[in-house]
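No lab work stands behind these numbers, since they all come straight from the coordinates. Just so you know, these numbers come straight off a predicted model, no measurement behind them. For neighbour counting, all protein chains shown are included, and Cβ atoms are generated from backbone atoms with ideal geometry for every residue, glycine included.
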Number of protein chains: 2
Amino acid sequence: MKSPETPMPHPHRFSPARPCFIKDVPHWDLDTDVLVIGFGAAGACAAIEARQAGARVRVLEVASAGGGSASWSGGEVYVGGSGGTSVQRANGFEDSTEDLATYLMMAGGPGADSERVQAYARGAEAHFRWLQDQGVPFKGSYLPGKWIEPTSDDTLLWSGSEQAWPFRDKARPAPRGHTAQFKGWGGGKVLMEKLCARAAELGAEVHTDSRALTLVLDEAHAVVGVVARMDGTEKFIRAHKGVILCAGGFILNKDMLARFTPGALACNKEVSGGNDDGSGIRMGMAVGGAAIHMDQFFATVPFFPPASLVKGIFINGRGERFINEDAYHGRVAHYVLRQPEGKAWLLVDNEIFGRPVIKPDVTVAAVGETWEEVEEELGLPPGSLVHTVKTFNEQAEAGRDPLFHKAADWLRPLTQAPFAAISYCSADLEAHAFTLGGLATRPGGEVLDGDGQPIPGLFAAGRCACGLPRWGEGYSSGLSLGDSTFFGRMAGRTAAG
Amino acid sequence: MKSPETPMPHPHRFSPARPCFIKDVPHWDLDTDVLVIGFGAAGACAAIEARQAGARVRVLEVASAGGGSASWSGGEVYVGGSGGTSVQRANGFEDSTEDLATYLMMAGGPGADSERVQAYARGAEAHFRWLQDQGVPFKGSYLPGKWIEPTSDDTLLWSGSEQAWPFRDKARPAPRGHTAQFKGWGGGKVLMEKLCARAAELGAEVHTDSRALTLVLDEAHAVVGVVARMDGTEKFIRAHKGVILCAGGFILNKDMLARFTPGALACNKEVSGGNDDGSGIRMGMAVGGAAIHMDQFFATVPFFPPASLVKGIFINGRGERFINEDAYHGRVAHYVLRQPEGKAWLLVDNEIFGRPVIKPDVTVAAVGETWEEVEEELGLPPGSLVHTVKTFNEQAEAGRDPLFHKAADWLRPLTQAPFAAISYCSADLEAHAFTLGGLATRPGGEVLDGDGQPIPGLFAAGRCACGLPRWGEGYSSGLSLGDSTFFGRMAGRTAAG
């Protein structure tokens, strides 16, 4: 039996959702200027910049090594503008800052942040050079075609909805996905190894296996440090210049999803390196930080490659199309997810059919020698699918899609029997997701309260913050890494400055 | 010139987005058990219950009189279940608790709160009797037909999507809108006069022209009072048992809308009594309260009465239908608002046409002797509108709508020339809105932090909280008043208990 002198450990003594007040800090165990929570893409870049600005930097990483969810990603960074990156130009693509900004504003949806978009559009090309300067390898080659992630080690690819309606009508298209050189899926590992190594080399002190528990607030409501669990005990860490929350999103926290992002519960594959538990966002909320667009999430259904499948047409339970299928696969996925009664199928003919590479075991819900047979097998209203296909075929034959504006490259009448319907109905759906909502910040990383005013000493970047990607329907591959690395750097500079 | 002894007044010394710490409270000016912020529907009911539970109660109201936005409403309360209210039963309608609960779960959308729904479904019929006991008059009569708000002084009407697909397939329909007796639009004034008078009569001390500035937190992170502006000075008010935030939503705060609810910016008519500035929600966020479903809003486009217009069909820029037009007008409005390029029209023929009563000056975008003419005049893809009308007419003739499941009562072929298209395109749109997002609470009113744990001493109800209505597409008239009065009462009891 414990003696009365030994207090029982309280598992909830510190929680991300409640700040620790400075009066409850017995002493400071560690001391730094800038304290970065999370050593993923945003955290590594914040640490690099804060060190280069002369600040002492400590990084707390909950895992046993840096990398975060970025290191499980494809390593694709969405950059361009300023006439084009070296890779864009070498491969014959021009890209203006204005076109990039216009695209990003559309991609941000109704809540797009023009200040953030402008900063990014102006700085993205230089940011790409900076990534190269940190040692991140980019082969420099262009991979044509329509991919979800490249399996080659090529650099440049079309990674969003640039060539698709309505984006192409407003912003001149350019390929902007720049992938770290790596054969196969997983360039993110290369990217993060370089960035983490660079931060360490510059003298950022990295504490792995260290969990930030909550923020410390002083009497003026400024963030002055954190409480962390390190080596099995609670440590109090003083941050003289600021704390930067770079602890990722919350796709792994089902309770937070249920409360904030119920739509994402329809997705069954979490895109995460394992620690997207929302603790960073909750720490920010606890001191009055406003969390915005918490309902939004990236989702995708990898219905291609092979790219020939993009020539198919999606229909719903009314037998009607609902999207230009050549839009970014994540945009298509959001439209699939919202169809009434969870009913959606991809209609294909014999010429374009192929099993999707990423999920070959799709359910083929109907096969027929005529579209009438497919319609009947799916149990659709008589004539509905047949009218849709007939209209589509006539117009595709003429190279037009007046209803959904699918680009001519992907228009081809579906006339080669047998015909089939691949099910993307909710029961058969495999959808991948991560969260896009997070703390409201200025482009410099300052976390904002409910009035839009900065909370002294607190910064955020990456999926802890609500960044460029903040609208599921507008996501493009590389936006999250582009945002995390770019605004991670800005937060590091602001905090150190 | 001011002497150095006279400090300059700082307009932002206290802001809703930052709490006041108890160390900064010089003295308490006023003292109470339960302090209610806002004397609208939720606040009045909270005050009544807290007084009846024996607590001392003060109410701070920023306006010069009680009533809030509820007093500008139609005074319709969404109640039923338990076999039916006295009014439902007297008019021949049964209504089970299960059907009410099922309907409310559907109405809450993907983020519906089953605990809250169950509490309401079980208690709604008794709550209606309680409202009558407070002196709120209900005539008891039934008004058949399809209305937005009754202009008669009748009580019971169909006020949601109960008889419309998909709701009618899951929950047995019953009319549940119970309107306070008043001739014309504005039963809310009667309702609020009674509730405010009742609270005062029971001894709640009401301070009008009094603005709550921020919450006071003690050293254990409990809410123990507020700072308020009263009689031109700052007052510190101690609340021994709790503060209940009943200060409304934030439809009037354009800055909050831009950050949290950008979709609502497409609406140009705010449904508000004048003080929905989000200050209550921001006060809660400042102490770590989680704000949920902040993207959601009620919106409506009053495209009827006359009810004959419901027999028209809405189409988008593809010439396709997108909703069963007999669904609740606010549900239809959300579908109108999301059509590509803001294009939507209501197609009518000569027999059902009539100028909408609430907005007679609609734009008639096209008129023709044939549907071909209307299609051409609207500039739609050739054949698109014509196919839609032809299909609809054939099926309506047979009393069926296999695509959108509009109920048979509203199905009639559109065959009496001339034909017309009434514009509900974004440029012509007049949409009314209020916000549905707010602080996360338990049914008892306890405000929850990011971890889902209650913040001691803090409660919320009404549109300060995220209540039963939390999904724009699922709103039904009377849900906000029903939720505010019912859960206002529960918060009053919890705080006092």
Inter-site label distance for B:T151 and A:R338 at 7 Å from Cα along Cβ, in nm: 3.5
Gap separating the Cα centres of segment A:460-483 and segment B:16-44, nearest whole Å: 38
Rounded Å value of the spacing that divides the Cα centres of segment A:47-110 and segment B:387-410: 51
Euclidean distance of C-alpha centroids, segment A:303-354 and segment B:170-222, integer Å: 48
Fewest-first sequence of A:L378, B:L217, B:L30 by Cβ atoms within 10 Å of each Cβ: B:L30, A:L378, B:L217
Hull volume in cubic angstrom per residue (convex hull over the Cα atoms of segment A:313-445): 143
Cβ charges +1 (Lys, Arg) and -1 (Asp, Glu), total dipole of segment B:140-270, debye: 400
P(r) histogram, all alpha-carbon pairs of segment A:377-497 included - 10 Å bins from 0, percent: 11, 24, 20, 16, 16, 11, 2
Proximal lysines relative to B:K183, as straight alpha-carbon distance under 25 Å, when same-chain residues fewer than 8 apart are discounted: B:K139, B:K146, B:K194, B:K269, B:K359
Distance (nanometres) between label positions extended 7 Å along Cα→Cβ at B:E234 and A:S64: 5.3
Label-point separation, A:H405 to B:D209 (7 Å along Cα→Cβ), nm: 5.6
Highest-first arrangement of A:324-337, A:228-241, A:55-68, where packing means the average Cβ count within 10 Å: A:324-337, A:55-68, A:228-241
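Okay, helix-only estimate at 222 nm for the protein assembly as shown: each DSSP H run of n ≥ 4 adds -39500 (n - 2.57), divide by all residues, round to 500 deg cm²/dmol; what do you get? Write down the numbers at each step before the final one.
Working: 24 runs with 262 residues, N = 994.
Helices in the protein assembly as shown give a 222 nm mean residue ellipticity of -8000 deg cm²/dmol.
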Over segment A:302-428, relative contact order from alpha-carbon pairs under 8 Å, at least 6 apart, %: 34
Nearest residue to the symmetry axis between A and B, taken on chain A by its Cβ, in whole Å: A:D295, 2
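Can you give the extra length, in nm with one decimal, that the chain gains between A:E98 and A:V367 once fully stretched, where that is 0.36 nm per residue apart less the Cα-Cα distance?
Details: separation 269, 0.36 × 269 = 96.84 nm, distance 4.69 nm.
Stretched out fully, the A:E98 to A:V367 stretch lengthens by 92.2 nm.
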Within segment A:208-225: backbone nitrogen closer than 11 Å to the A:K23 label point (7 Å, Cα to C-beta): A:219
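Let's see if you can work this out: charge +1 on each Lys and Arg Cβ, -1 on each Asp and Glu Cβ, no other charges. What is the dipole magnitude of chain A about its Cα centre, in debye to the nearest 20?
Numbers: 47 positive and 58 negative charges, 226 e Å.
With only Lys, Arg, Asp and Glu charged at Cβ, the dipole is about 1080 debye.
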Cα-based Rg and Dmax for segment B:123-252, where Dmax is the largest Cα-Cα distance (Å): 20.2, 57
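Would you please calculate the Kirkwood hydrodynamic radius of segment A:224-366 over all C-alpha pairs and express it in Å, rounded to one decimal?
Values: mean 1/r = 0.0544 Å⁻¹.
It is 18.4 Å.
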Counted charge near A:K170, where neighbours are those whose Cβ lies closer than 13 Å (Asp, Glu -1; Lys, Arg +1): -3
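For B:R338, A:R463, A:R493, which order do you get if you count the other beta carbons within 10 Å of each Cβ and list the fewest first? Write out the running numbers ahead of the final one.
On the way: B:R338 15, A:R463 36, A:R493 19.
Ordered from fewest to most neighbouring Cβ atoms within 10 Å, B:R338, A:R463, A:R493 come out as B:R338, A:R493, A:R463.
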Using a 7 Å Cα-to-Cβ projection, B:F21 label spacings across copies, nm, ascending: 0.7
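May I ask what percent, to the nearest 5, of DSSP beta bridges between residues of the protein assembly as shown are antiparallel?
Numbers: 82 of 128 bridges.
Antiparallel bridges: around 65 percent, rounded to the nearest 5.
Based on the alpha carbons, how large is the Rg to Rh ratio for chain A when Rh follows Kirkwood?
Values: Rg = 24.2 Å, Rh = 23.5 Å.
Here the Rg-to-Rh quotient is 1.03.
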Extension gain from B:Q453 to B:N268, taking 0.36 nm per residue of separation minus the Cα-Cα distance: 62.9 nm
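Where the only charges are on Cβ atoms (+1 Lys, Arg; -1 Asp, Glu), what is the dipole of segment A:258-378 about its Cα centre, to the nearest 20 debye? Don't skip to the end; give the middle numbers.
On the way: 11 positive and 17 negative charges, 156 e Å.
With only Lys, Arg, Asp and Glu charged at Cβ, the dipole is about 740 debye.
What shape does the protein assembly as shown take by its C-alpha gyration tensor, where a ≥ b ≥ c are the square roots of the eigenvalues and a/c under 1.5 counts as rounded, a/b above b/c as prolate, and the rest as oblate? Walk me through the numbers on the way to the answer.
Values: a/c = 1.97, a/b = 1.03, b/c = 1.91.
Note, shape of the protein assembly as shown comes out oblate.
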